Amino acid sequence: MARHLTDDDVRRIVNLLKNWKFELTWDLLVKSCSNTWDIKTTRQALNRKAEIKEEFGIRKRSLKTGVDETARPNSINTAHDRINRLAQRVKELESQNMRYREIFKRWQYNAESRGVGKDVLERPMPKPSFDSENNI
């Protein structure tokens with residue numbers, strides 16, 4: 001069964017895509033995740049993560065056209081298109097950051113209203129014990 005992707009999983013998959021050199025399909029990416037890191041996931045789960053979806057599209061276009069989108073543009077039009085695309089990405093990230101801030105403020109209010117202090121919230125997470133039958 002597919003598991004939820006952690007932030008670390010997303011980061012590793014994005015880095016994998018940045019270095020992808022051969023034919024790219026969602027199925028091949030799913031197999032690579034499974035073989036490389038034993039991440040059992042689906043195309044739909046990968047596609048739901050904005051960072052993975054965007055990098056997948058960039059790499060797919062790059063492999064198809066033979067043009068690396070991270071390379072220096074060779075024309076004004078290409079540079080303009082890239083600037084527009086990056087400006088749009090900045091807007092998306094700013095919006096996402098605003099949503100995260102709103103969530104954090106809500107959590108902060110709820111924690112304070114229930115008497116949960118900063119010292120409790122900043123405690124490190126316990127290390128999982130793999131010898132327990134309760135761990136999945």
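The values are calculated or read from the model by the stated rules, or taken from the named source; none is laboratory data. For clarity, every value in this text was computed on a predicted model and none was experimentally measured. When we count neighbours, we look across all protein chains shown, and the Cβ atoms used for this are built from the backbone with ideal geometry, even at glycine.
Overview of values
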read-out: Residue that is in a helix (DSSP H, G or I) and outside the structural domain of residue 29 (by TED's automatic domain parsing), where the choices are 112, 55; value: 112
read-out: Test result for residue 30, within 23 Å of residue 86 (Cα to Cα), of a type in the set (A, V, I, L, M, F, W, C) and outside any loop (DSSP other than H, G, I, E, B); value: no
read-out: Selection from the range 15-32 of residues that are at pLDDT 90 or above and surrounded by 14 or more Cβ atoms within 10 Å (Cβ to Cβ); value: 16, 17, 24, 26, 29, 30, 32
read-out: Residues of the range 33-49 classified as surrounded by 11 or more Cβ atoms within 10 Å (Cβ to Cβ) and part of a helix (DSSP H, G or I), total; value: 9
read-out: The one condition in (1) at pLDDT below 90; (2) touching a Ser or Thr at 6+ places or on another chain (Cβ under 9 Å); (3) surrounded by 10 or more Cβ atoms within 10 Å (Cβ to Cβ) that residue 61 fails to fulfil; value: (2)
read-out: Selection within the range 14-31 - touching a helix residue (DSSP H, G or I) at 6+ places or on another chain (Cβ under 7 Å) and in contact (Cβ under 8 Å) with a residue 40 or more places away in the chain; value: 14, 17, 18, 20
read-out: Selection within the range 75-94 - among the hydroxyl-bearing types (Ser, Thr, Tyr) and exposed (fewer than 10 other Cβ atoms within 10 Å of the Cβ); value: 75
